[in-house]
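Have a look at the structure below before the remarks.
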Amino acid sequence: MVAPIFQDLPRLSSAPPISEHAPRVLAVVPDTARRKLLEGCLGDQGWDLLIVTEADECTRLVAEYEPDLVLLDVEQQEVSGMEVCGDLKAQEARVTVPVVLLSFGEAEESLVVHGLLAGADDFIVNVARKQEFCARVRVQLRHKRHLDVLQRVRSERDLLRQDAQVDPLTGLSNRRALDRGAQDRVEGRERFGVLFVDADHFKNVNDRLGHQVGDRVLVAIADVLRAGLRPGDAVGRYGGEEFVVLVAGAGPEAARLVAERLRKGVENIKPPRGIDRVTVSIGTAVFDPREQNDTAQAVMHRADVALYAAKAGGRNCVMMYAPEQESPSSVSARRPRVVPTSEPVSERASGGVR
C-alpha cells in the first residue's frame, strides 16, 4: 500500500497515569432517597463522585467527564438501566469505562443474568451492604486503572514502532521499512518494480539556500511521489535526497512508464525562490520471479546502478537497468538506454535542483 502520511501524530503521551488523580465515578440515579444512600456509601472514599438523575445525560457525560466507572440504577424513569448500559457498550471502540448496574433491594436471578448479558461489568444487588458495595466498586476501578496502563503502553509502543518505520520530515516510509517491503515481495514471489529517485543537484540547494529550503524541496518531491502511486505500491525516503518506489506487479516497461510519470510530476513542482526548477533522476529495475531467483538487495542494487547511469546520462531522465551499467567505464561512456523525454540539463547551468 501507499505509505500513509504520519504528520500531526501525537507524541508519547504526557497525560498523568490514572493513579495520579482521584478516580471519577459517574452515577445515574433518579430517586432522591437512593441518591442519598449512594452518597452515604461512596462520599467518604476519596473518589470524585458525580450523581445525575437523567439517563439521557449519561452518554454525553461519559465523553465530557471521562469517568473511570459508571453506576446505573436498573430502575430509570424513561429507559431501563440495561438499555443505557447497552448503549454505552455499543461504543466500546471509543468508550472503555466499566459499567455497573445497581439494585437498591433484592433482585431476581433472571434480572441479574439479563443485566450481565446486556454488557454490564458487574451487577450489585444490594447497595445497602456498604462494605461489599465499596469493595466491588474498588475492584472495577482497579480493573479500569490496569486497562488504562495497558492501553497507554500499547499506544506508546505503536508510536515507537511508527517512529522506527517513518521518515519524520516527509511522512514516508524510511529505509528500514522499504527494505522490509522489498524483502516481503521477494519472499512472496511477487513481481514488482523498484524505482530509485534522486533529487538533481540537491547539494547546491543546501549549500546556497540552506537546509530549510532543501527540506521544502524534499517534502514537495515526496508529495508528488505519494500522490502518483496506486494501492499496492509503496514509497519512502531512502536517505538524504534519495527516494525509493516499489511498483506492484510492474514489468520493465510498466516501471519505466511509472517512473516517467513521476519524473514529469516533479518537474511541474513550483520551485522555491532561488531555484530554477526541481527535477529528479530515476533508475528502474524489476524483480520477476519467473526469470530471477535473487534477493531484495540485488534488485535494489540494480535500480541504484540504473540511477547512477541516469545521472551520468544528463540527469532529469529515467534509465532502466542494463548489465553493462555495472562497469564504471561503460556508465560514463555509453548512450542512455532510455531516451529522456525532456532534454537533460547542462552541467554548466546555474546552481539549483535540476
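How many residues are basic (K, R) and under 21 Å from Q183 (Cα atoms) when one looks only at the range 254-292?
Looking only at that region, the number is 1.
For the range 251-260, check the following and say yes or no: at least one residue is crowded, with 24+ Cβ neighbours inside 10 Å and among the β-branched types (V, I, T).
Scanning the range 251-260, I find no residue that is crowded, with 24+ Cβ neighbours inside 10 Å and among the β-branched types (V, I, T), so the answer is no.
Could you tell me which of the residues D73, D56, D68, D48 is of a type in the set (D, E), surrounded by fewer than 21 Cβ atoms within 10 Å (Cβ to Cβ) and at pLDDT 80 or above?
D48
Considering each of L246, L195, L225 in turn, give the residue that is assigned to a helix (DSSP H, G or I) and either buried (at least 23 other Cβ atoms within 10 Å of the Cβ) or touching a His at 6+ places or on another chain (Cβ under 9 Å) (or both). Walk me through how you get there before you give the answer.
On the way: L246 fails: assigned to a helix (DSSP H, G or I); L195 fails: assigned to a helix (DSSP H, G or I).
That would be L225, the only listed residue that is assigned to a helix (DSSP H, G or I) and either buried (at least 23 other Cβ atoms within 10 Å of the Cβ) or touching a His at 6+ places or on another chain (Cβ under 9 Å) (or both).
With the requirement that a residue be in a loop (DSSP other than H, G, I, E, B) and of a type outside the set (D, E, K, R), what does the range 19-43 give you? Walk me through how you get there before you give the answer.
From the range 19-43, those in a loop (DSSP other than H, G, I, E, B) are 21-23, 29-31, 43; that's our starting set.
Result: H21, A22, P23, V29, P30, G43.
Kindly evaluate G46 against the criterion of being on the phi > 0 side of the Ramachandran plot and either outside any strand (DSSP E or B) or not β-branched (V, I, T) (or both). Steps first, please.
On the way: on the phi > 0 side of the Ramachandran plot: yes; either outside any strand (DSSP E or B) or not β-branched (V, I, T) (or both): yes.
Judged against the criteria, G46 is a match.
Take the residues in the range 198-222 that are touching a Lys or Arg at 6+ places or on another chain (Cβ under 9 Å) and in a loop (DSSP other than H, G, I, E, B), then tell me which one is surrounded by the fewest Cβ atoms within 10 Å (Cβ to Cβ).
Residue satisfying both the conditions and the ranking: H201.
Mind counting the residues in the range 109-126 that are modelled with pLDDT of 80 or more, over 44 Å from the mean Cα position of the chain (by Cα) and not in a helix (DSSP H, G or I)?
Adding up the residues that qualify gives 1.
Select, from V280, V331, the only residue that is surrounded by 14 or more Cβ atoms within 10 Å (Cβ to Cβ) and modelled with pLDDT of 95 or more.
V280
Run down G119, G105, G81 and say which single residue is touching a strand residue (DSSP E or B) at 6+ places or on another chain (Cβ under 9 Å), surrounded by fewer than 19 Cβ atoms within 10 Å (Cβ to Cβ), closer than 21 Å to D31 by Cβ and not hydrophobic (A, V, I, L, M, F, W, C).
Only one candidate passes the filter, namely G105.
The values are calculated or read from the model by the stated rules, or taken from the named source; none is laboratory data. Computed from a predicted structure; not experimentally measured. Counting neighbours? That spans all protein chains shown, and the Cβs are built from the backbone with ideal geometry, glycine included.
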